[in-house]
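The values are calculated or read from the model by the stated rules, or taken from the named source; none is laboratory data. It should be emphasised that the depicted structure is a prediction, and the values quoted were computed from it without experimental measurement. Here the Cβ positions follow ideal geometry from the backbone for every residue, glycine too, while neighbour counts run over all protein chains shown.
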Amino acid sequence: MHIQAENLSIGYGSKNILEHVSFELEENKIYGLLGRNGTGKTSLLSVLAAFRKPKAGRIMVNGEEPFENAAVMETILFVYDSNLEDETEKVKKWLRMNAAFRPNYDHDYADYLCRRFNIPVNKAVKDLSKGLKSAVQVVDGLASRASLTIFDEAYLGMDAPARELFYEEVLKDYMEHPRTIILSTHLISEMAGMIEEVLIINDGTLLLQQDKEQLLERGTTVTGPKEKVLAFTEGKKRLKEQQLGSTMSIMIDAVLSDQEKQQAKAENLELGPVALQELFIHLTEGAEQHAG
Amino acid sequence: MRPTLDESKPIFQQITKMIEDDIVNGELKEGEQAPSSTQLVAYYKINPSTVLKGMNQLVDDQILYKKRGVGMFVADGARGKLLEARRQTFMEEYIGSMLQEAGRLGISTDDIYKMMEEMKRRGER
């Protein structure tokens, strides 16, 4: 599914949560949407899922506006932390009811997933634990095989083995049935590997959209004798500095040329990569001071 | 294959390194089929594009070759090529840093030879 967002503003009343947000999502890629708490990730995803309208700007899904467009909406599935406390239906029936709106729904796959997640399918949805409620929604999200599938912190309440299962099934089913997937997450280190392209929202707008591998190349830790490290990183954007005795380590946001890498080697400076989570922390640092 | 990935290197490089290691160690022989991208994705829970990037690197380096619709196989001469490359890296990195450290500690080249003989004897015992 192809998605084009043009200059979106999203907000409630007179207040805008997000402004000037433009991006394009290609078909059959796994995107990671990252942002600190309260930056508007879920609001943005609600607009993508056609749950609400943007205040300004336009969103186009395969060339059509999705809001109140039934044909488009049945191809978009949004898994989020919804309230299931009043869902008195049994899991089995609840899944079947949702499946009615999903043309590509695979019932056998749903059964298989319920078994893998150990979901008691004859129990009422509302009586399940938080982790199992999340699992039921994940089953719905995967088995629907919607062209755009959004998992907004879909793992809430799941323990580590259940989350592993979730990641494994997302990747396996994505390979067999490619589709556009958006993962919105706080568990960056756990899920970084699954992501192909990263979107970071910060400070009321889209901070960046970049291929994950390319983004990771931007972050480098330079370690060595203080004077040399300072000289080498001169003029580069420094994200973090640490010192131990005469050894210094500076994290920079800069793509190094082969020549610079050679130079670092010649000067006995150690170059190390930076994990996505750490890069995210430093790229979005200071966001609280601007909030509110 | 190693059971886990770490963050000390880009993931696609770790994938290529692991497959190369298996070829160097003789666990993966020339003409044999390399692990499929499906297997690697499921095992390491990483995006298929990352696996593909690593595999394509190995194809470019003529370590693997593609058989349409079947998978990736170890190319003839892959092991020799890798051994040659590793020999070069061994000299530049291990020997290079050894000589540097020896210089710092005031250890002469003769001393290094003696140490090597000593370590070899210990290893044989």
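Among the residues of region A:244-251, is there at least one that is within 13 Å of another protein chain (Cβ to nearest Cβ) and in contact with a Pro (Cβ under 8 Å, 6 or more places away or on another chain)?
No: zero hits.
Would you confirm, using the coordinates I've provided, whether A:Asn7 is in the same structural domain as A:Pro178 (by TED's automatic domain parsing) and assigned to a loop (DSSP other than H, G, I, E, B)?
No: the conditions fail for A:Asn7.
I'd like to know if region A:104-126 contains one or more residues that are part of a strand (DSSP E or B) and modelled with pLDDT of 95 or more.
Yes, region A:104-126 contains a residue that is part of a strand (DSSP E or B) and modelled with pLDDT of 95 or more.
Among what's in region A:155-190 and is surrounded by 18 or more Cβ atoms within 10 Å (Cβ to Cβ) and acidic (Asp, Glu), pick the residue that is farthest from A:Tyr80 (Cα to Cα).
A:Asp173
Run A:Gly193 past the list (1) free of Cβ contacts under 8 Å to residues at least 12 places away in the same chain; (2) crowded, with 16+ Cβ neighbours inside 10 Å; (3) outside the structural domain of A:Ser22 (by TED's automatic domain parsing) and report the number of the one that doesn't hold.
A:Gly193 satisfies all of (1) free of Cβ contacts under 8 Å to residues at least 12 places away in the same chain; (2) crowded, with 16+ Cβ neighbours inside 10 Å; (3) outside the structural domain of A:Ser22 (by TED's automatic domain parsing) except (3).
So which of B:Gly26, B:Gly54 is exposed (fewer than 12 other Cβ atoms within 10 Å of the Cβ) and of a type in the set (Gly, Ala, Ser)?
B:Gly26
Could we say that A:Ala5 is buried (at least 16 other Cβ atoms within 10 Å of the Cβ) and either among the acidic types (Asp, Glu) or more than 14 Å from chain B (Cβ to nearest Cβ) (or both) here?
Yes: the conditions hold for A:Ala5.
Looking at (1) modelled with pLDDT of 95 or more; (2) within 31 Å of the chain's Cα centre (by Cα); (3) not aliphatic (A, V, I, L, M), which is the one condition that is false for A:Lys237?
A:Lys237 satisfies every listed condition except (1).
Would you confirm whether or not region B:2-14 contains a residue that is within 14 Å of another protein chain (Cβ to nearest Cβ), under 21 Å from A:Tyr174 (Cα atoms) and either more than 15 Å from the chain's Cα centre (by Cα) or modelled with pLDDT under 90 (or both)?
yes
Considering only residues that are under 19 Å from the mean Cα position of the chain (by Cα) and loosely packed, with under 15 Cβ neighbours inside 10 Å, look in region B:31-42 and name the one that is farthest from the other protein chains (Cβ to nearest Cβ).
B:Gly31
Considering A:Asp173, A:Asp211, which residue is under 26 Å from B:Ser37 (Cβ atoms) and without any contact (Cβ under 8 Å) to a residue 24 or more places away in the chain?
Exactly one of A:Asp173, A:Asp211 is under 26 Å from B:Ser37 (Cβ atoms) and without any contact (Cβ under 8 Å) to a residue 24 or more places away in the chain, namely A:Asp211.
Among what's in region A:80-98 and is under 23 Å from A:Leu148 (Cβ atoms) and hydrophobic (A, V, I, L, M, F, W, C), pick the residue that is surrounded by the most Cβ atoms within 10 Å (Cβ to Cβ).
Selected residue: A:Leu95.
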